[in-house]
Amino acid sequence: CARLESGHGYVPEPSALEGVVVGRDTKDIIGLTLGQPGTRGIVDDLGWYYVRSDYERFLWRAPVEVDRQVVAITFDEAGVVRNIERFGLEEGRVVALNRRVTDANTQGISFLRQLFGNLGNFDPATLINEN
Amino acid sequence: IGFGIGDAAAQTRVSSIIVEGTQRIPDATVIDLAAITPGSVLSDGEINDVLQRINASGLFQSVVIVPVGSGLRIEVVERPTINRINIEGNDRLSDETLLGVVTSEPRRVYSPTQAESDARSIVEAYVESGRLAARVEPRIIRRTDNRVDLVFEVSEGRVVENERISFVGNRAFSDRRLRRVIGTKQAGFLRSIIRADSFVPERIAFDRQALSDFYQSRGYVDFRVLDVTSEFSRERDSSFVTFTVREGQQFSVGAVSVTSEFPDANIDSYRDALRVRSGETWNPSRIDEQIERLERLALQQGFDFLRVEPRVTRNARDLTLDVEFALVRGQRVFIERIDVEGNTTTLDRVIRRQFDPVEGDPFNPREIRNSAERIRALGYFADVDVQTRQGSAADQIIVDVDVEEQATGSLTFGGTFSTDTGFGLVVEFSERNFLGRGQFVGVQIQTGAEDRDISLNFREPALFDRDLSFGLSITDRTTDFSNAAYETQITSISPSLGFPISENGRLSLKYTLANEDIFNVTGDASQIIAAEAGDLIRSSFGYDYTLDLLRGGLNPNRGVLFSFGQEVAGLGGDTEYLKSTARIVAQRDIWNEEVTLRAILEGGVVAAPSGGTTRITDRFFLSSRQVRGFSSRGIGPRDVGSMESDVLGGNKYVAARFEADFPLGLPEEFGITGGVFFDMGSLWGLDNTDGDLTVDDDFELRSAIGFSLLWDTPVGPLRMNFSNPIKSNPLDDERSFDFTISTAF
Amino acid sequence: CGMFGGSEEERPLESFSAEELYKRAEFELESEGDPESAARFFGEVERLYPYSEWARRALVMQAFSYHRATDYEASRGSAQRFLTTYPADQDAPWAQYLLALSYYDQIDDVGRDQGLTFQALQSFREVIERYPDSEYARSSILKFDLAFDHLGGKEMEIGRYYLKRGHYIAAVNRFRVVVEDFQTTTHTPEALHRLVEAYLALGLTDEAQTAGAILGFNFQSTPWYQDSFVLLTGQGLRPDATGSNWLATIYRQVVRGEWL
C-alpha cells in the first residue's frame, strides 16, 4: 500500500488525436479540438507540445517519473499541421542539472535580524511546563 | 465655487499667464493644472475647460479667469487646510472608530463636500449600532493663515429596540420557534446589554435569509418571505416587526441516480459514496454535501475536468424530487501561473510546495482549496488569500496567493509555572519558520524546583525538497521530585524521519540513543527502585504509523484518527524492552457544527525480555493531560512499604477521554467556549514485585468528570479544566484545577 | 474629548518662525542623526505655516527623513502628498525618486515577496519618463535595471523549483518568460541553458538545439554556453555533475538553503 501515484500535465485523448488531419487542420482547429498546448516552441511558435507524466513515490524516496506521454505537433509557416509525433519516457535523457545560479543581487533576512525580531514575542507553551 | 468669465472676446491669444490669490500653492502648479501651451489661441469653450481642470484639482474655493491684454489672468482663492479634526458628544462609539470612518485629514485641504460625506458616514456608523436617531453637524473654526479646525458635533439619540416580533402565514412552525431562527431578538429584560435586540435595517435582510435557509433545509422548497413590515412607537424608541411568509409544501427525496460522461469511471464507486436515501426530507445542503463527496472521489481517482451536476426533476403529485448526479466533462481549463505575494520572510518554495497541482496542470478548484488549507495550516501567516483570475487566454487561469506574514518565533527569558512542579526559570528561543525556510528550531534551558530541562529541537519538513520530514532532538533532563526519593538524569539524542505512505497515512521512523542514570536513591525509596539504580545506555529504534481521517475524509464534519507505534530497545544498549502504544480518536460535529463530540482511547504496554525487568525511566506514567482530575505521576503502583511510597510507574496503561465542546452563547469576539469531559484510566503491572506484598500493582480503574473553559487567546488556545475524581485510590494525588495549551487532542 | 487645548510641547513650537523650525529639523537630521524627530519637526513646519516656502521644502525633507529612518510607508505618504500638491515643483523629481526608493529598499531576497519590486519598477519608470533630464533620472535607470533583474531572478527561481522536481513543462514556460520579457537581465544566458536542460530531458532535441544556438550566438563567452555545449554535443563530462553524496546534499540544502 506504500506506493503513492500522482499525475501532472495533460495530453489530448487518443480519440481526439486520431481526428487530426496532417496538411489540412490549422492552429485554431487544433486549439479547439485538442485544447491549448502545455508549451510552445521558443522562437517561431511552430511547435506545440503536450506532456503528461505519471509519478510513483515509495516510502522516503523521491517521486519517480514512471510514465510520460509527449505529443509534438509541428506547423508550417502558414500554420497548417505538418507533422504529429508521439513519444514517451525513453526518448527523454536523464540530465544532471547544473548547480550554479546567477546570484540575486540582494541579501535575504539574516539570522540575527530574525532572532531579534522575535524579542519579546511570547510563546504560551513555554510557560506551561508540561513534563 | 465661484465661476465667471470676463467680457467674452471670441478668441484670445495666450502669450502670458498671470496667477493671483495663491498663498500656499505655488503659481507653477496652477499653470501646470491649466495646461495651456503658451502662444496658443483659445476660444471661450477652451477657457472654460481650463477653468474646469483647475477646479477638478479640488485645491481651490473659487477660480476666475479674465482675459487681459496679451494673455489670461487666473484669480484663485485657495481652500483652507485642516489644522486639526475633533469629534464631540460621542459616548457609545469611541473617537478612534469614528475617526476611522472620516476621510478628511489634518494638513489636507478642507472641502465642505468631503466634510458633509464624513458626517453622513458617522451617522451610518451609528445606524449600524442601532441608534437610528443620531445626528452629526460638521462645524469649522477659523484659524490664522487660512487654516481651519474641523469639529463633528454628534447627538446620539436613544437606541430603537424591538418590542414585538411576529409572523404571519406560518403553519408548520410556531412564532416562538421562528424567533429562535432569526438574528434580530425581541427585547427582553437584558435589553440594555444585548445588542441583537436593537432594530437594525441590515439585520432584517440577514433574517430573511436565515428564515428561508431554515425552511428550505426542512424540505419546503417553495418557501418565500413575502414581506417584512416595521412600525415605530411614537417616541421612536421601540419598533414592531412583522414577517409575512408563504411556506408551500414539504418535499422529500425521490429516486437517486448517478450518470457519467466518463466511459472509464466506475459508476458503482460513485453510487456507494452517496449518503442520501430516497424518502429522506429534501435538504439543499445535503445535496451539496453529496456533490462535494463525489468531486472528492473524482479527485482521488485522478479524473481531470470532472464536475458533478445535480439534475432535479419535480413530481408535484407525490411531493418528491428525483435527483440525478451527472458526472459531466467540465470546461478544459489549465493553471497558467501560480504567483505568490506578500511573503516578506517565507521563501517562495515553502509556499509553492503546498500546492499539489503544478503550473500547466488541469485546473481543479477543489485541489486549489485543499492547497490553500495546507498553507493556512503552516501557521506562518496571519492571513492567506488564494484567488484565481483569468490568464492570458480564455482557458488559462492564474492563481494568486496573497499571504500576510506574522511573528512565528519567540525569545523569552522568564519564569514558568507548572501545576506539577511549581515555579521555575526558562531561557527559550524558538522559531517555527527559521530564516523563512519553514524549518523549526527550538532551544530551551529550563530550571524548576524539582527538575532541570535542556532541549534542542530541529525539524526540516521537506528534506531534499520532498514530502519527507527530518527531525533531531537533543535533550538532557534531570528530575528530583519532592515526592520521589531518587533522582534521574536522562541525556538523549534522537533523529527521526517522517513520510506519507498513503493518502492520509503517515509513517515516522525514530532512533534514540540515551544515557539513563538513576542515582541518589535514599533509604526511604522502595527496594524496587534501589534495584534499578545505575547508569545504563538505551539504544532503541521505533516506528509510528498514523492514519489521520479527521478532516481529510469524505465527510467534512466527522472523522477518526488512528495511530500505532512500537519501539524496540536493545541494539547494543544495556536496557532491553519492547514498547507498543496505540491511540484512537473519533470526532463528530453535530447540531450544524456548533457542538463537537470527541472520544480518545489510548493504551500502551512495555515488556522486558523473559526474566528481565523494566526500569522506572522506561515505564509508563499518566500525565494530568491523559487523565484529568489527577496530577502527573499521581496514579499507579506505589511501594507503600517504603517511607516515600514512591510512584513506580507501570508496564501497562490505558486511558479514555470523552469530551464535548460547545459554544456558551457569549458573543463571538470573547472567543470563550465551554466543554464537559469524562476521563478514566489506569496504570498497572510491574515485573519485579519480588514477592513482598507492599506493592499493589494490579489493574484499578480511576475516573473523573468535569467541565472546561476554552479561551482562544490571541497567543494560543488555552484550556482550563475543573475536574472532580469519582473513583480513585486513596493514595492518588488528585487535582481539581489544571490549565494546558490545548492542542487539538 | 476636550476642546482644543494645545498640548504642552505644542505651545513653544507655535512661537518659532517657519525658518527656525526648519533649521531645527535640519539640525536634528544632519548633526543629531535622529531622522525620526527631524521628520516630526518638518511635519510641524508644514502644519503651522502651511503657506510658507518652507512648508513646501519641509514636506519633501520630511519624506527624506522618514526614508533615512527606514520608515518607508511614512516616507511614501509624504512623497505622494508632495507630488499631488506641487506637481510642477523643481523638487518633484526628488520626491518621485524618494517614492521609488521607498519600494526599492524594501526589496528582499529573490525568493521573497515581489509585489514591492513591481511597484519600485513603476515608480522608477515614472521618474525616467516625467523628469528625463533631472539628476535622478540616471540613478533611476540604474536602479530600474537592478529591480528588473531582480524580478527576472524571481522567475528563474520558480523555474528552477519546477525543473528540479521534473515538471519540465512548467519549468520551460517560466524560463521562456525570462527569455522573452527579461532579455536585458543577467539571467537570460542561464534561462537559455535551463531550456536546453529541460528540452533534452523531454526528448525535444531540436528545440534544445535552437535554445543552444541562441545561447551560442548571444552569450558565447558565458560559462552557461560551455555547459550547454557539453550537454548538446555530449563530449566531456563536467566534474561537479558526478560526485554529490547525500550528506553533502543535506548540508547544502538544509543548512545553507541552496536549491540543489
Of all the residues that make up segment A:39-58, how many are hydrophobic (A, V, I, L, M, F, W, C) and touching a strand residue (DSSP E or B) at 6+ places or on another chain (Cβ under 6 Å)?
4
For the subset of segment B:25-56 comprising residues that are assigned to a loop (DSSP other than H, G, I, E, B) and surrounded by 16 or more Cβ atoms within 10 Å (Cβ to Cβ), which member is farthest from the other protein chains (Cβ to nearest Cβ)?
B:Ile36
Residue satisfying all of: in segment B:453-493; farther than 27 Å from C:Arg256 by Cβ and within 11 Å of chain A (Cβ to nearest Cβ); modelled with the highest pLDDT among these:
B:Arg477
Quick one: which strands (runs of 3 or more DSSP E) sit completely within segment B:257-362 and have at least 2 residues that are within 14 Å of another protein chain (Cβ to nearest Cβ), surrounded by 14 or more Cβ atoms within 10 Å (Cβ to Cβ) and in contact with a helix residue (DSSP H, G or I) (Cβ under 7 Å, 6 or more places away or on another chain)?
B:334-341
Could you list, in sequence order, all residues of segment B:84-129 that are in a loop (DSSP other than H, G, I, E, B), surrounded by 19 or more Cβ atoms within 10 Å (Cβ to Cβ) and either more than 11 Å from chain C (Cβ to nearest Cβ) or aromatic (Phe, Trp, Tyr) (or both)?
B:Leu93, B:Val102, B:Tyr110
Would you call C:Leu21 crowded, with 19+ Cβ neighbours inside 10 Å, away from chain B (no Cβ under 13 Å), under 32 Å from the mean Cα position of the chain (by Cα) and not hydroxyl-bearing (Ser, Thr, Tyr)?
no
Would you say C:Ser134 is crowded, with 22+ Cβ neighbours inside 10 Å and not β-branched (Val, Ile, Thr)?
no
Return the only residue of A:Arg52, A:Arg57, A:Arg68 being crowded, with 19+ Cβ neighbours inside 10 Å, closer than 30 Å to B:Gly505 by Cα and out of contact with any Gly (no Cβ under 9 Å at 6 or more places or on another chain).
A:Arg57
C:Gly153 at pLDDT below 85, within 14 Å of another protein chain (Cβ to nearest Cβ) and under 30 Å from B:Pro357 (Cβ atoms)
no
So which residues in segment B:436-452 are at the interface with another protein chain (Cβ under 10 Å from one of its Cβ atoms) and in contact (Cβ under 8 Å) with a residue 40 or more places away in the chain?
B:Gly436, B:Arg437
Among the residues of segment B:634-654, write down those that are touching a Lys or Arg at 6+ places or on another chain (Cβ under 8 Å), in a strand (DSSP E or B) and not aliphatic (A, V, I, L, M).
B:Gly650
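Quick grid of which residues meet (1) at pLDDT 80 or above; (2) in contact with a Gly (Cβ under 8 Å, 6 or more places away or on another chain):
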{"position": "B:Pro138", "(1), (2)": "yes, no"}
{"position": "B:Asn146", "(1), (2)": "no, no"}
{"position": "B:Glu153", "(1), (2)": "yes, yes"}
{"position": "B:Ser166", "(1), (2)": "yes, no"}
Condition (residue is under 30 Å from A:Thr102 (Cβ atoms) and within 13 Å of another protein chain (Cβ to nearest Cβ)) applied to segment C:81-100: is it met by at least one residue?
no
Of the residues in segment B:86-115, those that are closer than 17 Å to B:Asn146 by Cα, touching an Asp or Glu at 6+ places or on another chain (Cβ under 8 Å) and of a type in the set (Gly, Ala, Ser) number 1
Residues of segment B:363-419 that turn out to be part of a strand (DSSP E or B), within 13 Å of another protein chain (Cβ to nearest Cβ) and farther than 22 Å from B:Arg432 by Cβ, as a count
8
Identify the residue in segment B:582-633 that is polar (S, T, N, Q) and part of a strand (DSSP E or B) and, among all such residues, is farthest from B:Ala660 (Cα to Cα).
B:Gln587
The lone condition B:Pro663 fails out of (1) at pLDDT below 85; (2) buried (at least 21 other Cβ atoms within 10 Å of the Cβ); (3) farther than 20 Å from B:Val606 by Cα is (2)
Taking segment A:38-49 as the search range and keeping residues that are under 16 Å from the mean Cα position of the chain (by Cα) and facing chain C (nearest Cβ under 9 Å), which one is surrounded by the fewest Cβ atoms within 10 Å (Cβ to Cβ)?
A:Arg40
Within segment C:143-150, is there a residue that is surrounded by fewer than 22 Cβ atoms within 10 Å (Cβ to Cβ) and facing another protein chain (nearest Cβ under 10 Å)?
yes
From B:Phe541, B:Phe519, residue being more than 14 Å from chain A (Cβ to nearest Cβ), among the aromatic types (Phe, Trp, Tyr) and under 41 Å from the mean Cα position of the chain (by Cα)
B:Phe541
Scanning segment C:227-260 for residues that are under 31 Å from the mean Cα position of the chain (by Cα) and more than 9 Å from every other protein chain (Cβ to nearest Cβ), the one modelled with the highest pLDDT turns out to be C:Ser228
Can you pull out the strands (runs of 3 or more DSSP E) entirely within segment A:1-96 that have at least 2 residues that are within 16 Å of C:Ile169 (Cβ to Cβ) and of a type in the set (Asp, Glu)?
A:64-75
Please go through segment C:156-177 and pick out each residue that is farther than 16 Å from A:Leu97 by Cα and more than 7 Å from every other protein chain (Cβ to nearest Cβ).
C:Arg174, C:Val177
Starting from residues that are under 20 Å from C:Arg130 (Cα atoms) and of a type in the set (A, V, I, L, M, F, W, C), keep the ones in segment B:17-42 and report whichever is nearest to the chain's Cα centre (by Cα).
B:Leu33
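The values are calculated or read from the model by the stated rules, or taken from the named source; none is laboratory data. None of the values given here were measured: they were computed from a predicted structure. Here Cβ is always computed from backbone atoms with ideal geometry, including for glycine, and neighbour counts include all displayed protein chains.
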